[in-house]
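The values are calculated or read from the model by the stated rules, or taken from the named source; none is laboratory data. Values in this document were obtained by computation on a predicted structure and should not be read as measured data. FYI the Cβ positions are ideal-geometry reconstructions off the backbone, even for glycines, and counts take in every protein chain you see. For the accessible areas, the whole protein counts, side chains as well, though only heavy atoms, and no ligand, DNA or RNA atoms are used. Shrake-Rupley method; radii C 1.70, N 1.55, O 1.52, S 1.80 Å.
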Amino acid sequence: MDAFDLIVIGAGPGGYIAAERAGAMGKKVLIIEKEQLGGVCTNWGCIPTKSLLNSAKQYVHAQEADKFGVHIEKARFELSEAMEWKNEVVQTLRDGIQFLMKKNSVTVEFGEAEVTDAHHVKVNDTVYAGDCIMIAAGSSPAVPPIPGAEQKHVLTSKEILSIDAVPKKLAVIGGGVIGMEFASFFSSVGSEVHVVEMLDEILPLTDKEFAKLMRREMKQVKFHLGCRVEKIDEKQVHFTNKKGKAESIEADTVLMSVGRRPNVQGFENIGLDIDGGRIVVDERMRTNIPSIYAVGDVNGTSLLAHSASRMGEVAVANMFGDGDTMRYHAVPWAVYTQPEAAGCGLTEQDAEKEGRKVLTASMQMRANGRFLAEHGKRAGGLCKVVVDAETKVLLGVHLLGAVSSEMIYGAAAMIEAELRVKDIKEIIFPHPSVSEIIRDTIWELKE
Ligand code: FAD
């Protein structure tokens, strides 16, 4: 029987980064994947959506170029070509992951893995032994039992990434990050888009002010908030609105984006602590079985690709290195809609809920020279900072407007380093850059 230092199950950003790190340490590593290297992130998540969203952005820019003195006649969007572009990007990244596995001497096996005990994994009728096992099996779209959800025109985020025509009327069920990105994409390329959300606001983890502003900026999308979908038929989505009244919207295509479910099947019969459908881990990514670790979406703590990768690194450091712990207070997130939004750390509402005393300040993006030069004075955008009222340590930064996703890592570094207002005021930002909005907002704080 082949024996390894580490067997990784799942080659998404949690699993393949962990395999790469352990391989680079000289460990004997096996990674098992049942579909494609790169997992959901590379194949059906982060990367394909951003490739398509970029095509939509180019199209919108072409249509709006007049205001910058550039005249483009008859800009046209071709979904098939945008899909080709997306597929090429995905394939290139997949090849890159394969190269990384080879470079770090990681053995790759394709097939569905099952953990048979604390040190053994079965795949394709072969059993492998591992000192450590890492479950990085990710998550799948949740499909609620709504009558009609099984119909062909009701798609998950995976299926909608390979449709061959732009829907005329698209209903997006769920106004979370995934739903909003598809709403942005399809509304930019010609679909009439309706978002039906059960809660009172979209993007539930965002600062409320930002979610509202985003809805206002995405003028072409129709939002139905506080509405519960009851039934989907061939042509319509039926829901009960906030006041308890029945309503319906027409839709030839429906995207079901109401959340994701950790992939725990294949790991349920070995005594692992699984609670609420997710594998329970501590801050070192250890499960209740000492040789088994679980990272990424499968442990349900932070369903983001960069969190998964960091968890993979933490787990490897605890298996073979100096040890490490996962911290969640400075995990940045971004929504790649038009306009983009991003955030890191505490929102004003979180602080209120926790009974924490904070100071906040906000600034309109249009006050920033680079933003104004590239988007104009009518473009909406906002920056808000949250600091501890007593210590003046930065606790949160929230952004809405172009390039927010590129700027937020700076805020993550400041929050992780527990910088105070005084420290941030001493940092020099490049001018003109949109990032200066963070520094300028810090100066707006009334200490
Ligand atoms: P995954 O990427 O899900 O990989 C798990 C892998 O394990 C899969 O390849 C699966 O086939 C394999 N597997 C499962 N069970 C087994 C088994 N028994 N045997 C062998 N292999 C198995 N996150 C961001 O941070 N930024 C974004 O912009 C972003 N956009 C997204 C857009 C969409 C449409 C979706 C759906 C998700 C998006 N996410 C984004 C979330 C991100 O994709 C996930 O958080 C991330 O992929 C989780 O990584 P992971 O390694 O835990 O699992």
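List the pair-distance distribution P(r) of the chain, using every Cα-Cα distance, as the percent of pairs falling in each 10 Å bin from 0 up to the bin containing the longest distance, rounded to whole percents. Histogram of Cα-Cα distances, whole percents per bin: 4, 19, 26, 27, 18, 5, 0.
Applied to segment 128-138, the Karplus parametrisation 6.51 cos²θ - 1.76 cosθ + 1.60 on θ = phi - 60° returns per-residue 3J(HN,Hα) values of 10, 9, x, 4, 10, 10, 10, 8, 10, 7, x Hz, with x for Gly and Pro.
Dipole size of the chain about its Cα centre, with +1 on Lys/Arg Cβ and -1 on Asp/Glu Cβ: approximately 1280 debye, rounded to the nearest 20.
Amide H contacts of Arg261: Ser140, Ala142, each under 5 Å away and 5 or more positions distant or on a separate chain (H built 1.01 Å from N in the peptide plane; Pro and chain starts excluded).
What order, most packed first, do the peptides 177-188, 154-165 have when packing is the mean number of other Cβ atoms within 10 Å of each residue?
On the way: 177-188: 25.0, 154-165: 16.2.
In descending order of packing, they fall as 177-188, 154-165.
Straight distance only, please: which lysines reach the Cα of Lys102 with their own Cα at less than 18 Å, same-chain residues fewer than 8 apart left out? The reachable lysines, counting only those whose Cα sits under 18 Å from Lys102, are Lys27, Lys28. For the charge dipole of the chain, defined by +1 on Lys and Arg C-beta atoms and -1 on Asp and Glu C-beta atoms about the Cα centroid, which residue among Met25, Ser184, Met101 has the Cα displaced farthest towards the positive pole? Towards the positive end, the residue furthest out is Ser184. Rolling a 1.4 angstrom probe over segment 294-426 with all protein chains present gives an accessible area of which 48% lies on carbon and sulfur atoms.
Give me the net charge of Ser291's neighbourhood, meaning all other residues with Cβ under 12 Å from the Cβ of Ser291; Lys, Arg count +1, Asp, Glu -1. Don't skip to the end; give the middle numbers.
Numbers: positive: Arg286; negative: Asp5, Asp117, Asp131.
Here the charged neighbours net out to -2.
Amide H to amide H, with H built 1.01 Å from N, Val358 comes under 5 Å of Ala389, counting only residues 5 or more places away or on other chains.
Could you order peptides 66-75, 119-128, 11-20 by the average number of other Cβ atoms within 10 Å of their residues, highest first? Please list the in-between numbers first.
Working: 66-75: 8.7, 119-128: 15.5, 11-20: 29.5.
In decreasing order of mean packing, 66-75, 119-128, 11-20 become 11-20, 119-128, 66-75.
Based only on Cα atoms, what mean projected area does the convex hull of segment 180-290 have, in nm²? Intermediate values should be presented prior to the final figure.
Values: hull surface 41.8 nm².
Projected over every direction and averaged, the Cα hull of segment 180-290 covers 10.4 nm².
Summing charges over neighbours of Val386, with a neighbour being any other residue whose Cβ is under 14 Å away from its Cβ, gives -3 when K and R count +1 and D and E count -1.
Taking the highest mean first, how do the peptides 368-381, 189-202 order by number of other beta carbon atoms within 10 angstrom per residue?
Working: 368-381: 16.3, 189-202: 20.2.
So the peptides 368-381, 189-202, ranked by packing, come out 189-202, 368-381.
Relative contact order of the chain: 14 percent, from C-alpha pairs under 8 Å at least 6 residues apart in sequence. In the chain, a dipole from Cβ-located charges (positive for Lys and Arg, negative for Asp and Glu) runs towards its positive end, and of Ala342, Gly148, His61 it is His61 whose Cα lies farthest in that direction. The charge dipole of segment 1-53, taken about its Cα centre with unit charges on the Cβ of Lys, Arg, Asp and Glu (plus for the first two, minus for the last two), comes to roughly 140 debye. Think of a 1.4 Å ball rolled over the protein heavy atoms: segment 373-430 then has 46 Å² of accessible area per residue.
Normalised by the number of residues in segment 117-266, what is the relative contact order in percent for Cα pairs under 8 Å and 6+ residues apart? Can you show the working numbers first?
Details: 274 pairs, mean separation 47.2, N = 150.
Result for segment 117-266 is 31 percent.
What's the center-to-center distance, using Cα atoms, between segment 357-419 and segment 76-131 in Å? Result: 37 Å between the Cα centres. Tell me which of Ile292, Val264, Leu304 sits at the most positive position along the dipole axis of segment 248-403, charges placed on C-beta atoms (Lys, Arg +1; Asp, Glu -1). The listed residue farthest towards the positive side: Leu304. Distance check, please: which entries in Lys168/Lys222; Lys158/Lys353; Lys74/Lys168; Lys158/Lys212 exceed 24 angstrom between their Cα atoms? Cα-Cα > 24 Å for Lys158/Lys353; Lys158/Lys212; rest within.
Relative to the Cα centre, the charge distribution of segment 230-384, modelled as +1 at Lys and Arg Cβ and -1 at Asp and Glu Cβ, gives a dipole magnitude of about 760 debye.
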